[in-house]
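Sharing a structure below in structure tokens format, with a few things to ask.
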Amino acid sequence: MSALKIRVYPDPILRKKAVPVDSFDSELEKFIEEMFIVMRKEDGVGLAAPQVGVSRQIAVVSYEGKNYVLINPKVLELSGSERREEGCLSVPGVYEEVERPSHVVVEAYDEKGDLRKITGDGFLARAFLHEIDHLQGKLFIDYLSVLKRQLIKKKLRKYRKE
Ligand SMILES: [Zn+2]
């Protein structure tokens, strides 16, 4: 059973810059396992640690049967551009088109502490960039107009009270 709970916008932790991970141990592995469990339970394709209240540079993505762990990720390459609908577990019920690069190369540690280079194209590039944004305190709705963002905030304030 997992005790992790999804934080919903405008929870302030979603705006904090996450701190890099400096030790790779069994506790970290357990936490990452729990992140995957919560992500699947909530039907997400990606989850960043701040979304479950932990301000650390850890994100997970699951796509087409493959699991990706991104710890202290750095974007090495970006190219192309694509507009597609996007959503976020921390912004429930909101789906909006966002323009993002269509190709990305990321360098990140995995749960064992091994540094890896991961390439993402299309949807996967979008998922990586969305999660890496979370670690910087950035949300996909930041790419929308101010008016649209205010409407979303209002809607979610109501949602949180219910
Ligand atoms: Zn998200």
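Percentage of Cα-Cα pair distances in the stretch 12-161 greater than 26 Å, rounded to whole percent?
Values: 2405 of 11175 pairs.
Everything past 26 Å amounts to 22 percent.
Counting DSSP beta bridges with both partners in the chain, what percentage is antiparallel, nearest 5?
On the way: 27 of 28 bridges.
For the chain, the DSSP antiparallel bridge percentage is about 95.
Compute, for the chain, the length of the dipole vector about the Cα centre, with Cβ point charges of +1 (Lys, Arg) and -1 (Asp, Glu) only. Units Debye, rounded to 20. List each step's numbers first, then the result.
Values: 28 positive and 26 negative charges, 210 e Å.
Its charge dipole is roughly 1000 debye.
Okay, next question. Take the cross-link list K66/K154; K66/K148; K17/K117; K74/K153 and give me the ones stretching past 25 Å between alpha-carbons. Provide the component values of the computation, followed by the final result.
Details: K66/K154 36 Å; K66/K148 34 Å; K17/K117 23 Å; K74/K153 30 Å.
Beyond 25 Å: K66/K154; K66/K148; K74/K153.
Okay, next question. Defining a contact as two alpha carbons under 8 Å apart and six or more residues distant in sequence, what relative contact order in percent does the chain show?
On the way: 291 pairs, mean separation 40.7, N = 162.
Across the chain, relative contact order equals 25 percent.
Please list, or write none, the aspartates and glutamates whose alpha carbon is within less than 17 Å of the alpha carbon of K155, excluding same-chain residues fewer than 8 places away.
By straight Cα distance, K155 reaches D11, E96, D142.
Exceeding 18 Å between C-alpha atoms, which entries from my cross-link table qualify? They are K16/K41; K5/K30; K5/K41.
Working: K16/K41 25 Å; K5/K30 16 Å; K5/K41 11 Å.
Cα-Cα > 18 Å for K16/K41; rest within.
Post the alpha-carbon centroid distance, the stretch 103-158 to the stretch 4-39, in whole angstrom.
Going from one Cα centre to the other spans 14 Å.
Using the charge dipole of the chain (Lys, Arg: +1 at Cβ; Asp, Glu: -1 at Cβ; taken about the Cα centre), state which of C88, I132, M35 has its Cα farthest towards the positive end.
C88
To continue, here is another question. What is the set of long-range amide H partners of R116 at a cut-off below 5 Å, with H atoms built 1.01 Å from backbone N?
Sorted by chain and number, the residues that satisfy this are A108, Y109, D110.
Oh, and also: What's the exposure ranking of D11, D142, going from fewest to most Cβ atoms within 10 Å? Before the final figure, lay out the partial values.
Values: D11 16, D142 10.
Neighbour counts put them in this order, fewest first: D142, D11.
Taking H placed 1.01 Å from N in the peptide plane, check which residues at least 5 places from E96 or on another chain put their amide H under 5 Å from its amide H.
Here E86 satisfy the definition.
Each reported figure results from applying straightforward, stated rules to the coordinates on display, with no laboratory input. As the structure is a prediction and not an experimental result, all values here were calculated from the model. Cβ: placed from backbone, ideal geometry, glycine included. Neighbour counts: every protein chain shown.
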